[in-house]
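The values are calculated or read from the model by the stated rules, or taken from the named source; none is laboratory data. As the structure is a prediction and not an experimental result, all values here were calculated from the model. Methodologically, a virtual Cβ is constructed for each residue, glycine included, from the backbone with ideal geometry; neighbour enumeration extends over all protein chains shown. The protein model used for the area step is the full one, side chains on, heavy atoms only, and it has no ligands, DNA or RNA in it. Shrake-Rupley method; radii C 1.70, N 1.55, O 1.52, S 1.80 Å.
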Amino acid sequence: QVQLVESGGGLVQPGGSLRLSCAASGRLWAIYNMGWYRQAPGKQRELAATITSGGDTNYADSVKGRFTISRDNAKNTVYLQMNSLKPEDTAVYFCNAYIKVSWRIETANYWGQGTQVTVSS
(Lines give C-alpha, C1' and ligand atoms only; values in the text may rest on other atoms or scores of the structure.)
Protein backbone atom coordinates (compact mmCIF):
# COMPACT_ATOMS: atom_id res chain seq x y z
CA GLN A 1 0.00 0.00 0.00
CA VAL A 2 2.92 2.34 0.71
CA GLN A 3 6.19 2.55 -1.19
CA LEU A 4 9.30 4.60 -0.50
CA VAL A 5 11.54 4.79 -3.55
CA GLU A 6 15.04 6.22 -3.22
CA SER A 7 17.22 7.58 -6.00
CA GLY A 8 20.41 9.55 -6.43
CA GLY A 9 23.06 7.24 -5.06
CA GLY A 10 26.28 6.45 -6.86
CA LEU A 11 30.05 6.73 -6.89
CA VAL A 12 31.65 10.06 -6.01
CA GLN A 13 35.18 11.21 -5.22
CA PRO A 14 36.09 12.48 -1.75
CA GLY A 15 35.01 16.09 -1.37
CA GLY A 16 32.21 15.64 -3.89
CA SER A 17 28.45 15.95 -3.52
CA LEU A 18 25.37 13.84 -4.07
CA ARG A 19 21.67 14.47 -3.61
CA LEU A 20 19.40 11.63 -2.56
CA SER A 21 15.65 11.69 -3.10
CA CYS A 22 12.93 9.52 -1.62
CA ALA A 23 9.36 9.66 -2.87
CA ALA A 24 6.46 8.14 -0.97
CA SER A 25 3.51 6.74 -2.91
CA GLY A 26 0.36 4.74 -2.27
CA ARG A 27 -2.23 5.37 0.43
CA LEU A 28 -0.88 8.45 2.21
CA TRP A 29 -3.40 9.95 4.60
CA ALA A 30 -0.59 11.69 6.51
CA ILE A 31 3.22 11.63 6.55
CA TYR A 32 4.93 12.58 9.78
CA ASN A 33 8.66 12.33 10.47
CA MET A 34 10.89 11.37 7.53
CA GLY A 35 14.55 10.55 7.63
CA TRP A 36 17.66 8.99 6.21
CA TYR A 37 19.60 6.19 7.83
CA ARG A 38 22.74 4.49 6.59
CA GLN A 39 24.43 1.14 6.97
CA ALA A 40 28.07 0.56 6.18
CA PRO A 41 29.43 -2.97 5.55
CA GLY A 42 29.73 -4.88 8.80
CA LYS A 43 28.09 -2.12 10.84
CA GLN A 44 24.66 -1.46 12.29
CA ARG A 45 22.21 0.88 10.62
CA GLU A 46 22.56 4.39 12.01
CA LEU A 47 20.73 7.68 11.85
CA ALA A 48 21.98 10.28 9.38
CA ALA A 49 19.23 12.91 9.54
CA THR A 50 15.53 13.33 10.25
CA ILE A 51 12.95 16.01 9.54
CA THR A 52 9.50 16.58 11.00
CA SER A 53 6.44 17.51 8.98
CA GLY A 54 6.97 21.06 10.20
CA GLY A 55 10.57 21.16 9.01
CA ASP A 56 12.49 20.68 12.25
CA THR A 57 15.71 18.78 11.57
CA ASN A 58 18.08 16.53 13.46
CA TYR A 59 21.52 15.32 12.34
CA ALA A 60 24.07 12.79 13.45
CA ASP A 61 27.21 14.51 14.68
CA SER A 62 29.21 12.83 11.92
CA VAL A 63 27.25 14.62 9.16
CA LYS A 64 26.47 17.99 10.77
CA GLY A 65 27.57 20.88 8.60
CA ARG A 66 27.95 18.65 5.53
CA PHE A 67 24.50 17.10 4.98
CA THR A 68 21.18 18.91 4.66
CA ILE A 69 17.82 17.20 4.88
CA SER A 70 14.72 18.80 3.38
CA ARG A 71 11.26 17.78 2.26
CA ASP A 72 8.58 18.81 -0.20
CA ASN A 73 5.26 17.94 1.40
CA ALA A 74 3.35 18.58 -1.82
CA LYS A 75 5.44 15.91 -3.54
CA ASN A 76 5.65 13.56 -0.55
CA THR A 77 9.41 13.60 -1.03
CA VAL A 78 12.40 13.90 1.27
CA TYR A 79 15.88 14.87 0.12
CA LEU A 80 19.39 14.54 1.49
CA GLN A 81 21.98 16.92 0.09
CA MET A 82 25.41 15.51 0.90
CA ASN A 83 28.45 17.76 0.49
CA SER A 84 32.13 17.33 1.34
CA LEU A 85 31.71 13.59 1.18
CA LYS A 86 34.27 11.37 2.88
CA PRO A 87 35.16 7.71 2.34
CA GLU A 88 33.57 6.93 5.72
CA ASP A 89 30.22 8.12 4.32
CA THR A 90 30.20 5.02 2.11
CA ALA A 91 27.08 3.05 2.95
CA VAL A 92 23.66 2.00 1.80
CA TYR A 93 21.31 4.88 2.56
CA PHE A 94 17.75 4.06 3.56
CA CYS A 95 14.75 6.35 3.52
CA ASN A 96 12.38 6.12 6.48
CA ALA A 97 8.96 7.60 7.11
CA TYR A 98 6.13 7.44 9.62
CA ILE A 99 2.93 7.26 7.61
CA LYS A 100 -0.75 7.02 8.42
CA VAL A 101 -2.68 5.41 5.56
CA SER A 102 -6.13 6.04 7.00
CA TRP A 103 -7.62 7.95 9.91
CA ARG A 104 -8.68 4.59 11.36
CA ILE A 105 -5.28 2.91 11.11
CA GLU A 106 -2.34 3.56 13.40
CA THR A 107 0.77 5.28 12.10
CA ALA A 108 3.36 2.79 10.85
CA ASN A 109 7.07 2.96 10.10
CA TYR A 110 8.13 2.35 6.50
CA TRP A 111 11.53 1.82 4.87
CA GLY A 112 12.81 2.17 1.34
CA GLN A 113 14.93 -0.46 -0.36
CA GLY A 114 18.15 1.52 0.00
CA THR A 115 20.54 3.23 -2.38
CA GLN A 116 24.30 2.72 -2.45
CA VAL A 117 26.61 5.67 -1.90
CA THR A 118 30.31 5.02 -2.47
CA VAL A 119 32.93 7.67 -1.79
CA SER A 120 36.24 6.69 -3.31
CA SER A 121 39.03 8.05 -5.47
Give the lysines reachable from Lys100 as a straight Cα distance under 27 Å; neighbours fewer than 8 places away on the same chain don't count. Lys75
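Based on the alpha-carbon gyration tensor of segment 32-71 and its eigenvalue square roots a ≥ b ≥ c, which shape applies: rounded if a/c is under 1.5, prolate if not and a/b is larger than b/c, or oblate?
On the way: a/c = 3.03, a/b = 1.68, b/c = 1.80.
Verdict is oblate for segment 32-71.
Carbon-plus-sulfur fraction of the accessible area of the chain, 1.4 Å probe, in percent?
On the way: 3020 of 6490 Å².
It is 47 percent, rounded to a whole number.
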Run down the lysines and flag those whose C-alpha is under 24 Å from the C-alpha of Lys43, throwing out any fewer than 8 positions away in its chain. Lys64, Lys86
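Decide, for segment 56-108, between rounded, prolate and oblate: order the square roots of the alpha carbon gyration tensor eigenvalues as a ≥ b ≥ c, take rounded if a/c falls under 1.5, and otherwise choose prolate if a/b is larger than b/c, else oblate. Working shown, then result.
On the way: a/c = 2.73, a/b = 2.24, b/c = 1.22.
Prolate.
Before I look further, what does the chain give for accessible area per residue, probe 1.4 Å, in whole square angstrom? All intermediate terms of the calculation are to be shown ahead of the outcome.
Details: 6490 Å² over 121 residues.
Ligands and nucleic acids excluded, the figure is 54 Å² per residue.
Assigning unit charges at the beta carbon (Lys, Arg +1; Asp, Glu -1) and nothing else, what dipole magnitude in debye, to the nearest 20, does the chain show about its Cα centre?
Working: 12 positive and 8 negative charges, 34 e Å.
That gives a dipole near 160 debye.
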Euclidean distance between Cα centres, segment 100-121 to segment 1-71, Å: 9
Can you tell me how much longer the chain between Ser102 and Arg27 gets when fully stretched, taken as 0.36 nm per residue apart minus their C-alpha distance, in nm with one decimal? 26.2 nm
